[in-house]
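The values are calculated or read from the model by the stated rules, or taken from the named source; none is laboratory data. Predicted model, so just to flag it, every value in this text is computed and none were measured. All Cβ positions, glycine included, derive from the backbone under ideal geometry; neighbour counts span all protein chains shown.
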Amino acid sequence: MITLYTFGPYFGLPDGSPFVTKAMMLLKLAGLPYAEDRGGYGRAPKCKLPYIEDDGEIVADSTFIRFHIEKKYGFDFDAGLDPAQRAAAWAIEKMCEDHLYLALLAVRWLDLANFTKGPARFFDSAPAFVRPLVRSYVRRKVARNLIAQGFGRHSQEEIAILATRDIDALAVLLGDKTFLMGAKPCAADATVFAFVAHMLAPAFDTPIRTAAEGRANLVAYRDRIMQSYFGLAPQREAKEAVEVADA
Ligand SMILES: N[C@@H](CCC(=O)N[C@@H](CS)C(=O)NCC(=O)O)C(=O)O
């Protein structure tokens, strides 16, 4: 049985990380049973989740998890797609992971109100006396990384403009299809679903969420996949916030 190392469900989503959500979806698409382990972050080979352990083999990073499944289990996520569709699917996936993700990070971690309602919760299990310090330390680390990458130098308004272009592109590309490339899901659906679901999470009050809510086909896509692959009814109401004294 494959073990998938996860953060755990947050904000009505299968996991607090879009990349872990993507890995879950990949495993489901491939029909591979897996067990979740929420205690693996400290041993993560790339200091990030997700990673898997498959019969003693450790595979870190959601895309390498995909490649591992394709190689070891002979499962072609993109079966039926022609080369141009495969190329487009890859480009769409990486737009989400390497552009839209940065916008999501920025609105969740840099905006204090969203941080308080969202990522602050990741540290709920830290001992009470260090919890505010841990929250504040990690938040500053994320802010430093975003500034070093460049995205963190944009204003929140500029970030919303960039993310909205991604959302518009996703909505147009999906159109009225059930999945990104047609009636059958492909690998990129794991990523696109994960990011659409995360963008729409009601815990976060952001222009990105508003833009995504304005795209009925993306909302329906999220609802369909959430229901049929995760058995979850999409959350429509934000849950209560936590207090973050010194964040
Ligand atoms: N390229 C990686 C990205 C994974 C990633 O960024 N994971 C984040 C959560 S969304 C993480 O583990 N962050 C913890 C940290 O950086 O300490 C993948 O596709 O798996």
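In the set (1) within 26 Å of Pro132 (Cβ to Cβ); (2) away from the ligand (no atom under 15 Å from the Cβ); (3) surrounded by fewer than 16 Cβ atoms within 10 Å (Cβ to Cβ), the condition left unmet by Lys48 is number (2).
Scanning the range 6-46 for residues that are touching a helix residue (DSSP H, G or I) at 6+ places or on another chain (Cβ under 7 Å) and not in a loop (DSSP other than H, G, I, E, B) gives Tyr10, Leu13, Pro18, Phe19, Thr21, Lys22, Ala23, Met25, Leu26, Lys28, Leu29, Tyr34. In the condition set (1) farther than 19 Å from Phe7 by Cα; (2) in contact (Cβ under 8 Å) with a residue 60 or more places away in the chain, Phe151 is compliant with all but (2). Those helices (runs of 4 or more DSSP H) of the range 57-155 in which at least 2 residues are outside the structural domain of Arg165 (by TED's automatic domain parsing), surrounded by 15 or more Cβ atoms within 10 Å (Cβ to Cβ) and within 13 Å of the ligand (Cβ to nearest atom), considering only elements entirely within it, cover 62-73.
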